[in-house]
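These notes concern the structure reproduced below.
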Amino acid sequence: MKQLVLDMGVATGPTLASFLAGPNEAVLQHLQIWASERASMANRSPVPCYLWGVNGSGKTHLLMALREALREQGERVGWLDATVLEPLEFDESWSAVLLDDVHLYTAEQQHCAFNWFVNAQSLQRAVLAAGDRPPADLSLRDDLRTRLGWGHVFGLQVLSESERRAVLRQAADARGVFLGDDVMDFMLTRFSRDLGSLMALLALIDGYALQTKRSVTIPLIKSMMDES
């Protein structure tokens, strides 16, 4: 798609409050309690937590939401995902370590993740990680794989059709964008249905509508795609 100068408006990044749990209510409640302002860095549980599920189940949303929640409380965290090619050294000022998409880690990233894990545990800091399968099934070095399964392990389920629509509607409302039922149907049938892709698509549509000063309609979306 051609480069578009998009005004992303007032939309915010992922938060725990914006996560529509559906069948994943137990994990959301667990993370909300863990990240609450009452749980300071000094007394927050250091027990590791691992989230697993298929693409679009909300793993990255939750980890990014936790990162933001801790930052808002003035805390610093270590973040590693598969796109970080030169990981940082472990920092003792971190209150937690967040490891996303561990199933995609290179040998160097696995070495870093293991180092962070060991250092975090020695300082009683939590490790929260996510991957696309249970810990025992990960194709990672043995010492990292076993540690990822030490604590709480939650399997995330993909939202149903109605729940996915509710998330899309909620995100659109947060942007001040009205999505008619016909537009919603078009987005869900013509594009990838995983939530990450839908949120990215909504951001593009919102920006294109603002740029062209038009309402969000199916013709507008087709016009945007024609510029690809």
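Can you tell me how the stretch 161-226 classifies by the Cα gyration tensor, rounded, prolate or oblate, using a/c under 1.5 as the rounded cut? Prolate shape, in that a/c is at least 1.5 and a/b is the bigger ratio.
Calculated [222 nm] ellipticity per residue, helices only, for the chain: -14000 deg cm²/dmol; basis is -39500 (n - 2.57) per DSSP H run with n ≥ 4, divided by all residues, nearest 500.
Normalised by the number of residues in the stretch 88-221, the mean separation of alpha-carbon contacts (under 8 Å, six or more apart) gives a relative contact order of 18 percent. The C-alpha atoms of the chain define a longest principal axis, and helix 195-212 lies at about 40 degrees to it.
Full extension of the chain segment joining L104 with H30 gains 24.1 nm, where the gain is 0.36 nm per residue of separation less the Cα-Cα distance.
Considering only the other residues whose Cβ falls under 15 Å of the Cβ of D100, what net charge follows from Lys and Arg at +1 and Asp and Glu at -1?
Working: positive: K59, R67, R133; negative: E68, D81, D101, D132.
So the surrounding residues net to -1.
Just so you know, the Cα atoms of the chain work out to an Rg and Dmax of 19.2, 57 Å.
Here's how it looks for A129: its modeled amide H is under 5 Å from those of C49, Y50, L51, L99, which are all 5 or more places away or on a different chain.
With a cut-off of 15 Å between beta carbons, the residues surrounding P23 carry a summed charge of -1, where Lys and Arg count +1 and Asp and Glu -1. Between V118 and E161, the FRET efficiency estimated from the beta carbon spacing at R0 = 25 angstrom works out to 0.05. The packing ranking, built from the mean of other Cβ atoms within 10 Å per residue, places the peptides 102-115, 150-163 in the order 102-115, 150-163, highest first. Computed over the stretch 22-155, the quotient of the alpha carbon radius of gyration and 2.2 N^0.38 Å is 0.96.
Within the shell defined by Cβ-Cβ distances under 12 Å, the residues around V167 carry a net charge of 0, with Lys and Arg each +1 and Asp and Glu each -1.
Which whole-angstrom value gives the distance between the alpha carbon centres of the stretch 136-173 and the stretch 94-133? Using only Cα atoms to place each centre, the spacing works out to 16 Å.
Read-outs: derived from the displayed coordinates by stated rules, not from any lab. Owing to the predicted nature of the structure, the values given are computational and were not obtained by experimental measurement. Positions of Cβ are backbone-derived with ideal geometry, glycine not excepted, and every protein chain shown enters the neighbour counts.
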